[in-house]
Amino acid sequence: MLKMSKSFVIRMSLWSMLMLYLVCDFFLFSGPLRSELRQMFPTKEDKVAEAVAEGICARVYNAPVYLSQVDRRVRERLWRTGRDPEAVHDSEMKMLRWLALDELIAEALLRIKVRVNIEQAEVSAQEVDEELARFERRFESIEQLDEAMAVQGIESREELRLRMQARLEQEKYVMSKIKASIAISDTEARSWYDDHQEELTTTEQRRVRHLFVAALGRSSDEAKQILAVHIESIKTGKASISSLSESVSEDEGSKDDGGNLGWMLKDRLPGDFAAYVFAMPANEPSLIQTKLGWHVVEVTDIRPPELLPYEKMKLEIITTLSNLRRKQAVDQYRHQLRLLNHEKVEIYRQLLD
């Protein structure tokens with residue numbers, strides 16, 4: 001019979017106790033060793049649970065995007081459109097959160113890209129100063145500016161300046177990438193001009209002046225009679241709409257300006273008034289009725305429909321087409337940036353859903 005030494009028995013006992021402890025720690029009780037190892041080598045579930053507990057709804061290159069940032073972006077969007085967040089339905093709020101998160105992820109990726117390639121995106125202090133001044137001019141008072149900054153989570157003028165600088169750097173960097181794709185050639189602009197001549201042709205305009213007497217508070221016949229006594233003298237040149245306007249007309253907007261209504265477009269006038277104005281010949285005053293009352297109307301000049309020559313519209317066409325193409329190019333660049341870096345973006349749906 002094999003006889004085991006006392007030291008061997010002790011070692012085997014200790015090893016058995018150690019193995020039993022490890023089995024209990026790892027598989028039965030989730031003891032301190034297992035907890036320590038999970039902290040050192042967290043599972044995907046551990047990472048998600050930790051992120052959710054900290055209010056993190058995404059990570060971009062391991063940098064957190066907090067739910068509070070998403071909600072602040074949503075509130076900013078609603079504030080710009082004059083909407084109350086409390087009145088937004090849950091389903092729409094969920095959609096707005098996802099849109100905001102997409103924006104924040106795109107901005108985070110772009111910030112990283114700019115930081116690595118800052119030589120392609122440098123902006124001067126003067127450019128930042130000018131942009132900051134333009135932004136501040138949008139507000140009537142310092143109080144309004146402070147309110148807008150608070151809504152966007154900006155705590156100081158220095159932070160506002162840094163944000164302005166970052167945005168300008170990002171815009172400059174993106175422009176360096178898309179500049180070639182948004183250039184509009186003369187051939188493209190002329191082709192667009194040829195294909196859209198109908199839309200580019202201005203509609204007929206008429207310069208109009210009138211005397212007006214309202215039917216409100218009096219009968220239609222009474223209103224008509226007030227102007228009827230003047231129409232013949234106007235037609236014969238003994239008087240004019242301009243000379244009678246201040247004493248006769250009840251149109252507060254034009255009576256002190258000789259009854260002048262300026263250049264008018266047909267689709268900008270009430271239908272019953274436009275029907276007369278755009279049918280009558282020039283320089284022939286007429287007494288007409290609308291639903292508001294009676295008018296003596298005279299068309300003093302007519303601009304027929306006109307298509308400006310290409311050379312006069314070239315710059316405007318190129319600018320418009322370039323701006324349209326710029327938006328598409330920026331969206332496409334951001335989409336490609338997201339695709340190329342998709343492995344560096346983690347999203348934790350629990351908080352958003």
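The values are calculated or read from the model by the stated rules, or taken from the named source; none is laboratory data. Quantities reported herein were computed from a predicted structural model and do not represent experimental measurements. Ideal geometry is used to build each Cβ from the backbone, glycine not excepted, and the neighbour counts take in all protein chains shown. Side chains are part of the model used for accessible areas, which takes the heavy atoms of the whole protein and leaves out ligands, DNA and RNA. Shrake-Rupley method; radii C 1.70, N 1.55, O 1.52, S 1.80 Å.
Go through segment 332-339 residue by residue and turn each phi into a ³J(HN,Hα) via Karplus (6.51, -1.76, 1.60, θ = phi - 60°); whole Hz please, and just put x for glycine and proline.
So the Karplus estimates, Gly and Pro as x, are 5, 4, 4, 5, 5, 4, 5, 5 Hz.
Taking a quarter of the surface of the Cα convex hull of segment 89-210, what do you get in nm²?
15.6
Given R₀ = 30 Å, what would the calculated FRET efficiency be for Thr203 paired with Leu324, taking r from the Cβ atoms and rounding to 0.05?
0.80
Where the centre of each part is set by its Cα atoms, how far does segment 268-329 sit from segment 87-119, in angstrom?
Result: 43 Å between the Cα centres.
Based on the Cβ-Cβ distance of Lys177 and Arg157, what FRET efficiency does E = 1/(1 + (r/R0)^6) give at R0 = 35 Å, to the nearest 0.05?
Working: r = 31 Å, r/R0 = 0.89.
About 0.70, to the nearest 0.05.
Determine the relative contact order of segment 274-352: mean sequence separation of Cα pairs under 8 Å and six or more apart, normalised by residue count, in whole percent.
Relative contact order, segment 274-352: 17 percent.
Gaussian network model of the chain, Cα springs within a sub-10 Å range: biggest mean-square fluctuation belongs to which of Arg207, Arg111, Arg11?
Arg11
If a/c stays under 1.5 just call it rounded; otherwise compare a/b with b/c (prolate if a/b is bigger, oblate if not). Do that for segment 146-235, with a ≥ b ≥ c from the square roots of the Cα gyration tensor eigenvalues.
Because a/c hits 1.5 or more and a/b fails to exceed b/c, segment 146-235 counts as oblate.
Got a number for carbon plus sulfur as a percent of the chain's accessible area, 1.4 Å probe?
Exposed carbon and sulfur together represent 54 percent of the surface.
What's the extension gain from Ala49 to Ser124 if we count 0.36 nm per residue and subtract their Cα-Cα distance?
Numbers: separation 75, 0.36 × 75 = 27.00 nm, distance 4.36 nm.
Additional length available on full extension: 22.6 nm.
Enter the accessible area per residue of the chain (Å², integer; probe 1.4 Å; all protein chains in place).
Ligands and nucleic acids excluded, the figure is 66 Å² per residue.
Could you give each residue of segment 220-225 its phi-based ³J(HN,Hα) in whole Hz, using Karplus coefficients 6.51, -1.76, 1.60 with θ = phi - 60°, and x for Gly or Pro?
Those phi angles translate into 4, 5, 5, 4, 4, 5 Hz.
Be a star and scan segment 159-175 for residues whose amide nitrogen sits under 17 Å from the point 7 Å along the Cα-to-Cβ vector of Phe135.
Zone members listed by number: 159-173.
Which value in nm describes the separation of the simple spin-label points at Lys312 and Trp263, placed 7 Å from the Cα toward the beta carbon?
Each label point lies 7 Å from its Cα, and together they span 1.0 nm.
Relative contact order of the chain: what whole-number percent is it, with Cα pairs under 8 angstrom and at least 6 residues apart? Provide the component values of the computation, followed by the final result.
Working: 362 pairs, mean separation 78.5, N = 353.
Value for the chain: 22 percent.
Per residue of segment 233-248, what does 6.51 cos²θ - 1.76 cosθ + 1.60 with θ = phi - 60° give for ³J(HN,Hα)? Whole Hz please, x for Gly and Pro, Karplus curve as stated.
Whole-Hz 3J(HN,Hα) from phi for segment 233-248: 5, 5, 5, 8, x, 6, 9, 9, 4, 4, 6, 8, 4, 4, 8, 10.
Of [x] 28, 62, 10, 0; [y] 27, 53, 18, 2; [z] 18, 28, 29, 16, 5, 3, 1, 0, which one was derived for P(r) over Cα pairs in 20 Å bins from 0, in percent from the structure shown?
The value matching this structure is [z].
Classify segment 141-295 from the C-alpha gyration tensor, please: rounded if a/c falls under 1.5, else prolate or oblate depending on whether a/b exceeds b/c. Walk me through the numbers before you get to the answer.
On the way: a/c = 4.10, a/b = 1.93, b/c = 2.13.
Judged from the Cα gyration tensor, segment 141-295 comes out oblate (a/c at least 1.5, b/c at or above a/b).
Remind me, relative contact order of segment 68-220 in percent, using alpha carbon pairs under 8 angstrom and six or more residues apart?
So the answer I get is 26 percent.
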